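Structure first, commentary second.
The values are calculated or read from the model by the stated rules, or taken from the named source; none is laboratory data. Since we're looking at a predicted model, the values are computed, not measured. Glycine gets a Cβ as well: all are built from the backbone with ideal geometry, and neighbour counts include every protein chain shown. In case anyone asks, the SASA skips ligands and DNA or RNA and just uses the protein heavy atoms, side chains included. Shrake-Rupley method; radii C 1.70, N 1.55, O 1.52, S 1.80 Å.
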Number of protein chains: 2
Amino acid sequence: MGTLSGVRVLDLSRVLAGPYCTSLLADLGADVIKVEQPGKGDDARSLGPFRGDESVYFAMLNRGKRSITLNLRDADGVAVLRELVRGADVVVENYRPGVAQRLGVTYEDLKEHNEGLVYLSISGFGQTGPLATAPAYDLIVQAMSGLMEATGFPDGPPTRIGESFGDLVAGLFGAWSVSAALFDRERTGKGTHLDVSMFECLVSMQVTAQSLLQVNGRTPGRVGNRHPVSTPFDAYQAADGLVVIAVANEAIFARLAAMMDLPGLVDDPRFASDPLRTDNEPEMRAVIESWASTRTVQDIIAEAGLSGVPAAPLWDLEAALGSAHSQERGLVANIDDPRVGSFDSVPQPVRFSGHRQMVDGHSPALGQDTNDVLGESLGLDSDRIEALRQQGVL
Amino acid sequence: MGTLSGVRVLDLSRVLAGPYCTSLLADLGADVIKVEQPGKGDDARSLGPFRGDESVYFAMLNRGKRSITLNLRDADGVAVLRELVRGADVVVENYRPGVAQRLGVTYEDLKEHNEGLVYLSISGFGQTGPLATAPAYDLIVQAMSGLMEATGFPDGPPTRIGESFGDLVAGLFGAWSVSAALFDRERTGKGTHLDVSMFECLVSMQVTAQSLLQVNGRTPGRVGNRHPVSTPFDAYQAADGLVVIAVANEAIFARLAAMMDLPGLVDDPRFASDPLRTDNEPEMRAVIESWASTRTVQDIIAEAGLSGVPAAPLWDLEAALGSAHSQERGLVANIDDPRVGSFDSVPQPVRFSGHRQMVDGHSPALGQDTNDVLGESLGLDSDRIEALRQQGVL
């Protein structure tokens, strides 16, 4: 039994923010039913990378979900959705604001059929305000949130996070707020409309920059990989790559100095305190790199481990997934999908009482569960379903 | 009534990941009681930026919480904690794995006093595995997760996200899993131990890179601010700064070409399709920047709005917070804290049925609620409390 077993989610969402949210809910055992446009389906079905004609990206984000087709531009399609809402707990949508209104599938429309409905809307800028209907690609939201301006080097350009965190963080805030609203509904019976904005999620998480802006009257700007206060606390050049060394206090600095066989550094007037080291950061870097550049990353990490100096390699995703730690933790799950074949995937990352909750299900072919779901939930027989299909509703 | 009103959280956590998690729970109305070390308290109390002697960073992350002091290195302190657990719903800790065991405050220790307890552990690498006790600063976790290797420009170094997303994302996964576990407890009465790893949270979110690794056998590497597939979809140099232009399909490219007064681009053999434009990205950039560099960002955004071309400015956090959209959405809350004075803060970003849930409370002085909480919850009178204080327990 999963933590969210028995929760039924009607998922009207497409591509990333919404589907990522419902993949987290599905991993905890929720019954997620994708409601897709007949013929075409979720746009992510045609986003690469592909194996044959099938998107691995789609398969990864939609494992363990069911799929029905329903034409929501047709009044009969909307009528079917409203019937399904009676037996559902959660609706998730990430239309551009205004579209749900045109289709007649807003929270206001649907709650008449289910007073306890939890209805999640994810959009770029939220359901209201002057930017509500502005285009909201991840790059645009990252650019406007302040995060790109804060990421990168002082002498380099603003930099996008190398993954669509605008979408993903909004999906995660969505999964959180749905779960909290479900808890509250157990006590009160009341439903909720949740309005999640990608822009606002990214702005809200900039807690360090917010506090610095309050006190200094300006944001700190780009500092590369340096710690805002402590030095040395950065990535340094070793013989065969970069290594992170993280010195947060004087005791650790003394250990680093001893490890480099330069114990006198702790009394050096340029380096004797954290503020001095920060003032003399280029010299500090030169000292460390003249030592590190003659050693491999692996040797430095091994020495640092023995010396009690926090240090770490820079891994790419492949190294992170393949590490002994990830193996022992069972971080990666293999899914044998009938459409795209075998692939590795990292499900939701939380252990629940030692148990890694995740669905081991396959991603659905477009509309593969239409007959089952309409049969089970609405009691429609196959003749009636076929008639709806002929009519273009399914 | 908040969504989590009536939920009592004992918060043993320090600095960022745990306190960020419980700030989200507090915003939804949970009664969060910080349990702090006598004399010293949460390390974040001594992390800048400061106003006078008080940390604005601490005040922002701990608004609306209460504070008690309790010496958990003393058996009587642990005994008091166990009594408090009887009346609590959630415990949150972010000790280095092993510390809770030494103190006698693990899930196993505490659930004997409350079978329905939801107990959240946040750590760098999780409670088990070879890296469990490795040092876990945000920089280290970002470096090992693969995210730094994926962020930045092809000819530049791996780049840290300019905010502590390793901590913050783990805190958000923590708040999600606590909320889901509370939902499940309402149905089953059962508690849960939640094990959240900063490293695993960041790895799990790299969904695009995971799918590319599966299909191509390697991660895509750093692509700067470019879209992995579509062109032009990047930040471009205008006369007075950078502007994002996001062309996701041929119709939008035709509008961009018309807007630049270069309608012939759509038939140009270098630019006639998205794959061609991606192959000829440097030439595409040169064409766009020779047009954009004679115009201001503001003019380009205005023209793009009229032309139906998605475009956006790069804002810093100050501009994002001050924008008309943020003002109209009520994104920023002003808190008049008795210790640090008035400051602006962005609380949890989700609207619940149109309502911005957040506590308008102040951050607590160290131990300010000790007498109240021990009085209310344990029925201790002021003589007994004073005796415990003399003994060094509080």
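Mind listing just one residue for me: the one in segment A:206-227 that is among the β-branched types (Val, Ile, Thr) and under 14 Å from residue A:158 (Cβ atoms) and, of those, modelled with the lowest pLDDT?
Taking segment A:206-227 first, the residues among the β-branched types (Val, Ile, Thr) are A:207-208, A:215, A:219, A:223.
Narrowing the set further to residues that are under 14 Å from residue A:158 (Cβ atoms) leaves A:219, A:223.
Numbers: A:219: 90, A:223: 93.
If we take residues in segment A:206-227 being among the β-branched types (Val, Ile, Thr) and under 14 Å from residue A:158 (Cβ atoms), then A:219 is modelled with the lowest pLDDT.
Can you confirm whether residue A:346 is open to solvent by 20 Å² or more (accessible area, probe 1.4 Å), touching a residue at least 12 places away in the same chain (Cβ under 8 Å) and closer than 25 Å to residue B:151 by Cα?
no
When segment B:101-112 is examined, which residues are found to be of a type in the set (A, V, I, L, M, F, W, C), under 25 Å from residue B:135 (Cβ atoms) and assigned to a helix (DSSP H, G or I)?
B:103
Quick check: anything in segment B:292-302 free of Cβ contacts under 8 Å to residues at least 60 places away in the same chain, under 13 Å from residue B:256 (Cα atoms) and more than 14 Å from chain A (Cβ to nearest Cβ)?
Checking segment B:292-302: at least one residue is free of Cβ contacts under 8 Å to residues at least 60 places away in the same chain, under 13 Å from residue B:256 (Cα atoms) and more than 14 Å from chain A (Cβ to nearest Cβ).
Within segment B:349-388, work out how many residues are in contact with a Gly (Cβ under 8 Å, 6 or more places away or on another chain), part of a helix (DSSP H, G or I) and exposed (fewer than 15 other Cβ atoms within 10 Å of the Cβ).
1
When you go through A:321, A:394 one by one, which is the residue that is more than 30 Å from residue B:116 (Cβ to Cβ) and under 27 Å from the mean Cα position of the chain (by Cα)?
Answer to the check: A:321.
Could you check segment A:88-100 and list, in sequence order, the residues that are open to solvent by less than 10 Å² (accessible area, probe 1.4 Å) and either assigned to a helix (DSSP H, G or I) or more than 30 Å from residue A:138 (Cβ to Cβ) (or both)?
A:100
Condition first: more than 14 Å from chain B (Cβ to nearest Cβ) and open to solvent by less than 30 Å² (accessible area, probe 1.4 Å). Now tell me which residues in segment A:330-343 satisfy that.
Passing the criteria: none in range.
I'm trying to understand the selection: among the residues of segment B:56-77, which are of a type in the set (A, V, I, L, M, F, W, C) and open to solvent by 10 Å² or more (accessible area, probe 1.4 Å)?
B:72, B:75
Look at residue A:149 and say whether it is at the interface with another protein chain (Cβ under 7 Å from one of its Cβ atoms), in a helix (DSSP H, G or I), closer than 23 Å to residue B:146 by Cα and open to solvent by 20 Å² or more (accessible area, probe 1.4 Å).
Considered against the rule, which asks whether it is at the interface with another protein chain (Cβ under 7 Å from one of its Cβ atoms), in a helix (DSSP H, G or I), closer than 23 Å to residue B:146 by Cα and open to solvent by 20 Å² or more (accessible area, probe 1.4 Å), residue A:149 comes out as yes.
What do you reckon, is residue A:14 open to solvent by 10 Å² or more (accessible area, probe 1.4 Å) and farther than 30 Å from residue A:353 by Cα?
yes
Of all residues in segment B:314-329, how many are without any contact (Cβ under 8 Å) to a residue 60 or more places away in the chain, part of a loop (DSSP other than H, G, I, E, B) and either open to solvent by less than 40 Å² (accessible area, probe 1.4 Å) or of a type in the set (D, E, K, R) (or both)? Before you say what the answer is, go through the steps one by one.
If we filter segment B:314-329 for residues that are without any contact (Cβ under 8 Å) to a residue 60 or more places away in the chain, which is where we start, we get B:315-329.
So of that shortlist, the ones also part of a loop (DSSP other than H, G, I, E, B) come out as B:315-316, B:323.
Among the residues that remain, those that are also either open to solvent by less than 40 Å² (accessible area, probe 1.4 Å) or of a type in the set (D, E, K, R) (or both) are: B:316, B:323.
Of the residues in that region, 2 qualify.
Kindly evaluate residue A:304 against the criterion of being of a type outside the set (Phe, Trp, Tyr), open to solvent by less than 10 Å² (accessible area, probe 1.4 Å) and assigned to a strand (DSSP E or B).
Numbers: of a type outside the set (Phe, Trp, Tyr): yes; open to solvent by less than 10 Å² (accessible area, probe 1.4 Å): yes; assigned to a strand (DSSP E or B): no.
Answer is no for this residue.
Given (1) touching a helix residue (DSSP H, G or I) at 6+ places or on another chain (Cβ under 7 Å); (2) in a loop (DSSP other than H, G, I, E, B); (3) in contact (Cβ under 8 Å) with a residue 24 or more places away in the chain, where does residue A:130 come up short, assuming only one miss?
(3)
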